[in-house]
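Engineer: Got a structure for you, questions after.
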Amino acid sequence: MTIAIGDRLPEATFKEKTADGAVELSTDDLFKGKRVVLFAVPGAFTPTCTLNHLPGYLENRDAILSRGVDDIAVISVNDWHVMGAWAQQSGGMGKIHFLADWNAAFTKALGLDADLSAGGLGVRSKRYSMLVDDGVVKSLNVEENPGQATVSAAAAMLEQLNG
């Protein structure tokens, strides 16, 4: 079953690289009592993710936060070392959360996993964005094609936040 608008996020634990090393964050740590934009990518450092999806959220960070959003996070089925390197390389460290769903547990619990083995990537996340309010999904935007970032892009999320 795929998560839907109105559903509560499943409990999960993520890892995020900080200046002090890896920290574990639970869904409560990230979402309880907060309004958060979460977007997922099939893989850190992959072309669409690095050149299109992530930059839009970094460039529009302040505009998104100015619309009553407390935080922004990106999640991928990668380990925390890879996510930390991506945060550093992209200039996003400390601006948004770079969450490692290393074993795809959260992604599978959402029903948003995709088998990209044919492309050499294994089990990954579908590309999506969502607005989460106190752990409850308020909007969900899943891409039909993992090579595109349009309905899940920062510009689309900004339009939803304006509405």
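Engineer: Rank THR48, THR107, THR150 by accessible area, highest first, at a 1.4 Å probe radius?
Structural biologist: Largest to smallest exposure gives the sequence THR150, THR48, THR107.
Engineer: Let me have the 222 nm mean residue ellipticity of the chain computed from DSSP H runs of 4+ only, each contributing -39500 (n - 2.57), with the sum over all residues rounded to the nearest 500.
Structural biologist: Counting only the DSSP helices, I get -6500 deg cm²/dmol.
Engineer: To the nearest µm²/s, what D does Stokes-Einstein give for segment 1-156 at 4 °C and 1.567 mPa s, using the Kirkwood radius over alpha carbon pairs as Rh?
Structural biologist: In µm²/s, the coefficient is 85.
Engineer: Putting +1 on Lys and Arg Cβ atoms and -1 on Asp and Glu Cβ atoms, find which of THR13, LEU99, ALA155 reaches farthest to the positive end of the dipole of the chain.
Structural biologist: ALA155
Engineer: Let me ask you something else. Report the charge-dipole magnitude of segment 29-97 in Debye, nearest 20, computed about the Cα centre from +1 at each Lys and Arg Cβ and -1 at each Asp and Glu Cβ.
Structural biologist: 180
Engineer: What residue among LEU65, LEU38, LEU51 shows peak mean-square fluctuation when the chain is described by a Gaussian network model with Cα springs under 10 Å?
Structural biologist: LEU51
Engineer: While we're on this one: Please enumerate, by chain and number, the lysines with C-alpha under 22 Å from the C-alpha of LYS34, excluding those fewer than 8 residues away in the same chain.
Structural biologist: In chain and number order, the partners are LYS15, LYS17, LYS95, LYS138.
Engineer: Return one whole number: the accessible area per residue of segment 14-58 in Å², for a 1.4 Å probe.
Structural biologist: Accessible surface, normalised per residue, equals 43 Å².
Engineer: Which loop-located GluC sites (Glu not before Pro) does segment 6-100 contain, where loop means any DSSP state but H, G, I, E or B and the Cβ has at most 13 other Cβ atoms within 10 Å?
Structural biologist: Those satisfying the criteria are GLU11.
Engineer: How much net charge surrounds THR150 when only the other residues with a Cβ under 11 Å from the Cβ of THR150 are counted, with Lys and Arg +1 and Asp and Glu -1?
Structural biologist: Result for the local shell: -1.
Engineer: Also, quick follow-up: Segment 75-163: which GluC sites (Glu not before Pro) are DSSP loop and have at most 16 other beta-carbon atoms within 10 angstrom?
Structural biologist: Hits after loop and neighbour filter: GLU144.
Engineer: On to the next question. If you place +1 on the Cβ of every Lys and Arg and -1 on the Cβ of every Asp and Glu, how big does the dipole about the Cα centre of the chain come out, in debye to the nearest 20?
Structural biologist: 180
Engineer: Now a separate question. Report in % the part of the accessible area of the chain that belongs to carbon and sulfur, leaving out ligands and nucleic acids; probe 1.4 Å.
Structural biologist: Carbon-and-sulfur percentage of accessible area, whole number: 48.
Engineer: Further question: Name the aspartates and glutamates eligible as straight-distance cross-link partners of LYS126: C-alpha to C-alpha under 16 Å, and not fewer than 8 places from it in the same chain.
Structural biologist: List returned: ASP101, ASP113, ASP115, GLU143, GLU144.
Engineer: Longest exposed-loop-site-free stretch of the chain, with trypsin sites (Lys or Arg not before Pro), DSSP loop and at most 16 other Cβ within 10 Å?
Structural biologist: 96-163
The values are calculated or read from the model by the stated rules, or taken from the named source; none is laboratory data. Please read these numbers as outputs of a predicted model, since none were measured by experiment. Please note: Cβ atoms are built from the backbone with ideal geometry, for glycine as well, and neighbour counts cover all protein chains shown. Ligands, DNA and RNA are stripped out before the accessible areas are found, and what is left, the full protein with its side chains, is counted by its heavy atoms. Shrake-Rupley method; radii C 1.70, N 1.55, O 1.52, S 1.80 Å.
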